[in-house]
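Remarks on the structure that follows.
The values are calculated or read from the model by the stated rules, or taken from the named source; none is laboratory data. A quick note: this is a predicted structure, and the numbers were derived from the prediction, not measured. Counting neighbours? That spans all protein chains shown, and the Cβs are built from the backbone with ideal geometry, glycine included. These area figures cover heavy atoms from the full protein model, side chains too; ligands, DNA and RNA do not enter into them. Shrake-Rupley method; radii C 1.70, N 1.55, O 1.52, S 1.80 Å.
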Amino acid sequence: MSGELSLNINIKEPRWDQGTFMGRAQHFFMVTDPRNILLSSETLEEARVTVENYRAGIVKPGLTEDELWRAKYVYDSAFHPDTGEKMFVIGRMSAQVPMNMSITGCMLTFYRTTPAVVFWQWVNQSFNAVVNYTNRSGDAPMTVNQLGAAYVSATTGAVVTALGLKSLAKHLPPIVSRFVPFAAVAAANCINIPFMRQRELKYGIPVTDENGNRLGESANAAKQAIVQVVVSRIGMAVPAMGNSNLFAHCFVKSILCCLQVVFQTDLEKNSMGLGSLEPDLQERIRKTNPDITSVYFNKGL
């Protein structure tokens with residue numbers, strides 16, 4: 001019918017060319033748009049219905065291509081890519097910029113006393129635990145006991161690490177002690193992320209072909225995904241390597257953190273060679289898909 005939206009728009013992929021940096025940046029700016037955390041449940045549900053209906057070949061009368069892409073990015077910002085569940089609001093990608101700006105600015109400013117270190121490291125690692133769980137890769141559920149044990153282990157380990165480094169800083173030259181907050185955050189991420197995503201390491205995460213068809217689960221892909229996330233999180237902490245007065249410290253560090261959340265989180269589709277998978281999974285894939293040389297996976301945030 002004249003004027004009806006085509007069903008040939010591929011909303012499984014980003015709107016912009018992911019072969020260019022600008023295309024990847026435009027895509028990521030849309031996914032991390034902080035304004036999305038202000039959207040109502042009704043708006044999120046409407047976006048979900050629009051996207052799922054379109055995938056099923058159903059087009060709402062009068063729907064435009066721009067409206068479809070807007071719904072796709074609203075949907076992506078709030079619903080988990082593997083499970084389809086609505087994600088906890090502060091764990092969503094759209095909450096990363098404001099939450100990291102606020103917490104990192106405070107954590108890197110109020111670290112001179114032990115109570116301040118304990119409190120802000122606990123806040124930061126609690127937030128990280130929520131983010132790590134909310135954006136985990138794969139669709140295998142975690143029990144309440146598993147989640148609780150992972151949270152306690154991750155936050156305790158991170159706080160103890162931060163306190164140990166703070167104590168060590170007393171015996172270091174001032175120029176070296178400036179790097180302690182950065183080292184504490186980096187070490188904490190190395191503890192928190194693997195603990196909160198330990199189920200992925202045990203059972204693997206889904207790997208797909210280039211069209212999104214599921215091929216199996218791989219623990220090797222989970223290891224690569226978690227390493228990539230740890231590295232990107234450490235990169236976000238780089239602004240901690242300096243000190244200034246209270247206002248400038250919070251402002252400058254928060255702005256830098258904002259930019260790094262946007263640019264240092266991986267902007268590309270994650271893939272790995274078939275030969276890097278477990279031998280039994282390689283064999284199964286080769287039997288059913290002999291032309292496949294690479295597989296794809298969601299690394300999480």
>> Stokes-Einstein diffusion coefficient for the range 21-87 at 25 °C in a medium of 0.890 mPa s, Rh from the Kirkwood formula over Cα pairs: what value in µm²/s?
In response: 196
>> Sort R286, R35, R197 by heavy-atom solvent-accessible area, probe 1.4 angstrom, most to least.
In response: R35, R286, R197
> How do E45, E200 stack up against each other in accessible area, from largest to smallest, with a 1.4 angstrom probe?
Replying inline: E45, E200
> How about K72: which aspartates and glutamates have a C-alpha closer than 17 Å to its C-alpha, ignoring those fewer than 8 places off in the same chain?
Replying inline: E13, D17, D33, E42, E45, E46, E52, D82, E85
> How big is the accessible area of S40 in square angstrom, nearest 10, if you roll a 1.4 angstrom probe over the protein chains?
Replying inline: 50
>> If I model a spin label as a point 7 Å beyond the Cα along the Cα-Cβ vector, how far apart are those points for I90 and T114 in nm?
In response: 2.6
>> Once you place label points 7 Å from the Cα toward the Cβ at D280 and L63, how far apart are they in nm?
In response: 4.1
>> Based on alpha-carbon centroids, what's the gap between the range 78-106 and the range 62-76 in Å, whole number please?
In response: 20
> Can you give the accessible area of F127 in Å² (nearest 10), computed on protein heavy atoms with a 1.4 Å probe?
Replying inline: 10
>> Between K12 and W122, what's the calculated FRET efficiency when r is the beta-carbon distance and R0 is 45 Å? Round to 0.05.
In response: 0.70
> How high is the FRET efficiency from T208 to T293, r the C-beta distance, R0 22 Å, rounded to 0.05?
Replying inline: 0.95
> What is the range 91-171 by shape, rounded, prolate or oblate, if you read a ≥ b ≥ c off the alpha carbon gyration tensor as root eigenvalues and call it rounded for a/c under 1.5, prolate for a/b larger than b/c, and oblate otherwise?
Replying inline: oblate
> Excluding ligands and nucleic acids, what accessible area in Å² is computed for V231 using a 1.4 Å probe, to the nearest 10?
Replying inline: 90
